[in-house]
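Down below is the structure, laid out as structure tokens.
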Amino acid sequence: MKNLIKTLKKVSLLILAISFMGCDDDEAVLPQLTAGFTHTINASTGTVTFINTSINASMYDWDFGDESTSNLINPVNVYENGTYLVVLRSSNVAGAFDIFTDEITINVAEVVGTCDAETAESLSASDFNMTFLSDPTADITSDGAGFSWIDNPDFENDVNTSCKVGQIDRTSAAQYANNQLDLDAKLDFNSNTGFKLKVWSPTASTAVLLKLEDKTDSSIFKEVSATTSAESAGAWEEISFDFESADSNKFDKIVVFFELGTSTEQTYYIDDLMLYGEGNGNGGGGGGGACTPETTESYSAANVNMTFQTDPSADFISDGAGFSWVDNPDFDNAVNTSCKVGQVVRGNNNPWDNNQYDLDAKLDFNANTGFKIKVWSARPNTEVRLKLEEIGNAGNNTEQFLTTSVTSGWEELTFPFTAADSNKFNKIVLFFDLNTTSTDTYYFDDLRLYGNGNSGGGGGGGGGTGSYNLTLPIDFETSGHGANWTWNVFENDSNPPLEFVANPNASGINNSATVAKITALQTGNPWAGTETAHGEMGITWDLSASNAIIKVMVYKTVISDVGVKLVNPSGGAQIEIKVPNTVVNAWEELTFDFTSRIGNGLDGSTNIDQIVVFPDFDLGGRSADNVIYFDNITFQ
């Protein structure tokens, strides 16, 4: 019996041991989940880029400590100054999770600079330039990548100081996440080389692909890719996408991809997507096109038109700057296809190196509005000065200057004169980069009189000069246009009237006798301004390529925006275009570019009969009454 009991005990212990061994074999050991992250801080903007270092996790819940959250893998967050506890909860599908926390301190120095407001944009295929001056969100199709129009989060740099940019939030759900924009016509790469695009990515070596499509047939397309540099993480960089002449007239849709073919989940910024360059050919048989021979010219004061059909070298006076009659070195463009041009080589003999041409009579600015000239310079922001003199009496003169906006390309400049300049001058003097030591080579062509003049002559009273048209300047002269119109002043407290007074500084670019004066009161609204009464101009017009560039000369004692708005008879208008003056106590010509509104079908682009000027548009308010003078409003 004792032996039986002992045997049963041994069997029981054996069964129990086997049971324990079976339990150990069934218990699975899961991989350890660990949460973690590091971060980088842009001390200039308070922008923090988080780098997720979690192990064996697939889901992430971020609490940035400033009441904002994210589920991205590597999110970016912009902080105000302060100390924040950042919490990351990493988890996986098995239900395991881990939490990692870190404290960050933001101490952004006071911003001393400001962004640069956009002044022009175009969504037209002919001159595409997406600067985000206005919100294009409604026109952009988001396919797996959200688009937003936002303030530039990083404008303190040398690449992109713009105030507004586009934000792209790429999701991981679609490997082909993209954003699309349909154009109004097919793109032309005979007159454009390709596209440039400014991008901001939190990571280095980001792949960016620009795809062009036919919007009615997506099987017709062309793709060009680029990659941001290894040094550009968290900074703006401009990249280029070149196309061929053979790509012309095929595509009218733009598609932008970031990290195509990946499941990247990230935020990017873009700006200044624009056409650039002068093209890749002329598109028609035989070697890239040919120049256009000149068919007419005139060196007479009555109808000056220097086309360089023949060689005028013997009649040019070179005063320190050599003149030559040469073949056009750059005729494959939309501005100047002429075969022959004038070449000027500055010799740095004097700061005033120039070229002169004596005319056969005095110039008449009752019959002509002024001069136009096409110029080509490899130097950015070249000053071009046109001086008119009396032969034998150099003290009797007037001069104007403009600065080029195109580098290594042709550009046409316009120099309006006044009726008061008539019958005084019979010599033309041309300066490039006056008062410099430049030894550069410049080209010019088609120096010609333009317009119908600044006086209608004769007639009875009212200060008018006959009917007005857009080729004439609004110059406020008694023999000109504008001073005899009714101008309303608005949003300026007591609304003191617009005055027409003697030019306070008849020098530099504006020697006019009479100008307009408005006093923007300290108690007035920032958008105080003046406008022509409806019907006073005597015309209505539609925006077109010949009138959508509006120029206004201003003389101000403060720096602030100047705004221009166009209105139709029923009061319909689009938002004003604002441009700041850059100098004080001197005349400056500001340019307002309305070309992006040509044919957009909105109020203020057709049937226009009123121009509105906001001379001191300062949302920060005025510390005193500001007197502003403006003059010579032109439409080009």
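The values are calculated or read from the model by the stated rules, or taken from the named source; none is laboratory data. Quick caveat, the model's predicted, so the values are computed rather than measured. FYI the Cβ positions are ideal-geometry reconstructions off the backbone, even for glycines, and counts take in every protein chain you see. Ligands, DNA and RNA are excluded from the accessible area calculation, which covers all protein heavy atoms including side chains. Shrake-Rupley method; radii C 1.70, N 1.55, O 1.52, S 1.80 Å.
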Would you confirm whether or not the range 515-525 contains a residue that is aliphatic (A, V, I, L, M), assigned to a loop (DSSP other than H, G, I, E, B), closer than 25 Å to Val579 by Cβ and at pLDDT below 90?
no
How many of the residues in the range 542-565 are touching a strand residue (DSSP E or B) at 6+ places or on another chain (Cβ under 9 Å) and either open to solvent by 10 Å² or more (accessible area, probe 1.4 Å) or outside any strand (DSSP E or B) (or both)?
15
Specify which of the listed residues (Phe221, Phe241, Phe257) is within 18 Å of Asp127 (Cβ to Cβ) and either touching a Phe, Trp or Tyr at 6+ places or on another chain (Cβ under 8 Å) or in a loop (DSSP other than H, G, I, E, B) (or both).
Phe241
In the range 149-169, which residue that is of a type in the set (Val, Ile, Thr) and farther than 13 Å from Thr131 by Cβ is modelled with the lowest pLDDT?
Val159
Selection within the range 589-636 - assigned to a loop (DSSP other than H, G, I, E, B), more than 25 Å from the chain's Cα centre (by Cα) and under 13 Å from Ser560 (Cα atoms)
Gly621, Arg622, Ser623
Identity of the residue in the range 427-441, outside any loop (DSSP other than H, G, I, E, B) and either over 14 Å from Ser318 (Cβ atoms) or not aliphatic (A, V, I, L, M) (or both), that ends up most open to solvent (accessible area, probe 1.4 Å):
Thr441
Residues that are over 22 Å from Gly194 (Cβ atoms) and of a type in the set (Ser, Thr, Tyr), drawn from the range 116-175
Thr119, Ser134, Thr137, Thr141, Ser142, Ser148, Thr161, Thr171, Ser172
Taking the conditions exactly as written (open to solvent by 50 Å² or more (accessible area, probe 1.4 Å), in a strand (DSSP E or B) and farther than 17 Å from Gly453 by Cα), does Asn397 satisfy them or not?
yes
Report yes if some residue within the range 477-493 is surrounded by 16 or more Cβ atoms within 10 Å (Cβ to Cβ), within 15 Å of Val554 (Cβ to Cβ) and of a type in the set (Val, Ile, Thr); otherwise report no.
no
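To keep it simple, each residue is scored yes or no on (1) exposed (fewer than 15 other Cβ atoms within 10 Å of the Cβ); (2) within 29 Å of Ala545 (Cα to Cα).
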| site | (1), (2) |
| --- | --- |
| Val304 | no, yes |
| Val335 | no, yes |
| Val344 | no, no |
| Asn348 | yes, no |
| Gln356 | no, no |
In the range 594-621, the residues that are of a type in the set (D, E, K, R) and open to solvent by 40 Å² or more (accessible area, probe 1.4 Å):
Asp603, Asp618
Of everything in the range 528-538 that's over 18 Å from Pro497 (Cβ atoms) and open to solvent by 20 Å² or more (accessible area, probe 1.4 Å), which residue is modelled with the lowest pLDDT?
Gly535
Sort through Thr296, Thr310, Thr337 and tell me the only one that's among the polar types (S, T, N, Q) and out of contact with any Ser or Thr (no Cβ under 9 Å at 6 or more places or on another chain).
Thr310
Whichever residue in the range 385-403 is under 16 Å from Glu588 (Cβ atoms) and of a type outside the set (Phe, Trp, Tyr) and, among such residues, is nearest to the chain's Cα centre (by Cα)
Thr403
Given the residues Thr591, Thr582, which is the only one that is in contact (Cβ under 8 Å) with a residue 24 or more places away in the chain, under 29 Å from Thr557 (Cα atoms) and among the hydroxyl-bearing types (Ser, Thr, Tyr)?
Thr591
What single numbered condition from (1) modelled with pLDDT of 90 or more; (2) over 30 Å from the mean Cα position of the chain (by Cα); (3) open to solvent by less than 20 Å² (accessible area, probe 1.4 Å) fails to hold for Leu413?
(2)
